[in-house]
C-alpha cells in the first residue's frame, strides 16, 4: 500500500470511482454507526442504510464529488461529509426517535452502570465537546480555564502554564489557594471573583466577576444550543454540560 | 466561486477543512472567514462537530501530507537556504525592534475576550483644562460649594465627584439647574452593565414587573422592585453607574421597597444569588 493513500484515492475518484466506493465502505459504515448511536437508525437497519447510501453515491453523488471537490482536504474527510449529508437526508425521510442524552444517562455513567451502546453515545458526546473546546482557537486558554471553574474541576500547574512569567504572582497564588483542591462548596460567584482578578490584570481591564460569569454562561449556553441540535435532538442543560465537562477534563 | 462572506453556509469542503483543522490542531491556519462563519453559524458549527466525532473512528494512517495545512509548511522548507537565512535575519531584526520599543511589557496570551471595560469617569480622569478647573479639583470642597461655583461659571462643565463608595445622602440641586448637566458623570452609562442590562441572564420564566427598564424616578422617591418567577431567597444589589455597590439587601419575597436617598444619576440593579445572576436592570434618578 502506498504511503500516500490520499493521492491514491484521488486517482481512484478520477479513474475508478466504483473502486473508491469499495475502499470507502468502512467509512460509510462508520458514519452510519454514528447515526445509529444517536438513535437516528436502528441497529437492524444498518446494512440497508449502507446499501441505500451506496446507491445514492453511485447514481448521483459521486459525479458531484468529482465535479465539486477542489482537493483542499483529505478526500476521506470530504467523502465522510457527503455520507453524513446523505444520512441526514435519509433521517429526514423517516420519523426518527433519537436517543436523548440527558442528565440521567450522564449520571448513570458516573455510576458505571451503562450498556455498551450508552457508553458509545457518551463517548460521542465527549468527542463533540472536544471539538467545541478545540474550536475556541485563540480564546482556548481562557475558555478552558473558565470552563474548568464552571465544572468545579480542580486546577493544577498545567492550567497556569500560560500565565506564569507574566508578573501575575499574587493572582496566581490566589488561584492556587482557591482551586487546587476541592472547591465544590465554593459558590460560583466567589470563584469568578478570584478568577476575574487574574484576567483583569492580564487584559488590563476592570471587569466585574458578574461580567466573567456572564461570559462563561454564554459559552455554556452556546455549547448547549449546538449540542442539542435544531430541532433539538438532545436535552442538554447547564447541569449536563457540567457533568460532560467534568468527564472530559478528567479523561483528557 | 462565491466568497465565504457571500455564502449563507459553508460548503461541504469548507466544513471538512474546519474538521481537518480540528483533528490536526491547526485551526490557527484556517482563513478568518471560515473561523468567523463557524463562530456565527450554529448550523455549520454543529455539522462540523458532528463530523469530528464521527471521524474519530475513521482510519487516517498513511494519508500523506495534508493538501492545505502541510502545503504551507512544505513551501517554507523548500525555500532556498540563502533565502531561509535572509528570512531568519529579518525575523530577528523585527523581534529585536519589537522588544527595543516595547521593553519588557509583555501582554498575556492572546485569548482576550470581548468584555468591555466599565465606562470611566473621564471628566474627572482628564487633566484639568484650565486654571479654574485645576483649582476646583485641588480644593477640598464639598458638593454644595462646588455647585455654587458651577452656577457662576456655567459654560465650564465640571463633573460631579466620582462615587467610589456609596453616598446615601441625597443632594438636591438648586432650582433651575440642569441636573443631568451638573451630574453628567453620574449619568454616563457603563458599557459593561448596559450589555448585561435587561438580559434574562438565566433562562427561566422570570419577569420583572417593576421598575420597567430605564424608568426615571424623581429624587427621594421610594422605588419598588417587583418580579415574578424567582421564589428562592436572593440578593438585590443597587449599583451606581461605575458599578460600585450602593445598597445590598437579602430578599425572600418577590418585592423590595427601596427608600434610600440617591444622588441624581444612572443606577443599575441586579438580582443575584451565590450561584446565579438572574437579572440586571437600570433606572435613573433626577
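Each reported figure results from applying straightforward, stated rules to the coordinates on display, with no laboratory input. Please read these numbers as outputs of a predicted model, since none were measured by experiment. Cβ atoms come from the backbone with ideal geometry, glycine included; neighbour counts cover every protein chain shown.
Brief remarks on what is shown
- Counting neighbouring Cβ atoms within 10 Å and putting the fewest first, the residues A:206, B:284, A:77 line up as A:206, B:284, A:77.
- Between helix A:25-37 and chain A: long-axis angle, C-alpha atoms, 0 to 90°, nearest 10: 50 degrees
- Diffusion coefficient, µm² s⁻¹, Stokes-Einstein with Kirkwood Rh over alpha-carbon pairs of the stretch A:103-251 at 20 °C and 1.002 mPa s: 131 µm²/s
- 0 to 90° range, to nearest 10: angle between helix A:188-203 axis and chain A longest Cα axis: 90 degrees
- Cα gyration tensor shape of chain A, rounded if a/c is under 1.5, else prolate or oblate by comparing a/b with b/c: prolate
- With neighbours defined as other Cβ atoms within 10 Å of a residue's Cβ, the residues A:37, B:197, A:176 order from fewest to most as A:176, B:197, A:37.
- Degrees between helix A:209-228 axis and first principal axis of chain A (Cα, 0 to 90, nearest 10): 20 degrees
- Cα→Cβ-extended label distance, 7 Å offset, between residue A:222 and residue A:239, nm: 2.6 nm
- With neighbour counts taken as other beta-carbon atoms within 10 Å, the residues A:159, A:42 rank, fewest first, as A:42, A:159.
- Over chain A: helical MRE at 222 nm, DSSP H runs n ≥ 4 each giving -39500 (n - 2.57), nearest 500: -21000 deg cm²/dmol
- Taking every C-alpha pair closer than 8 Å and separated by at least 6 residues, the mean separation divided by the residue count of chain A gives a relative contact order of 20 percent.
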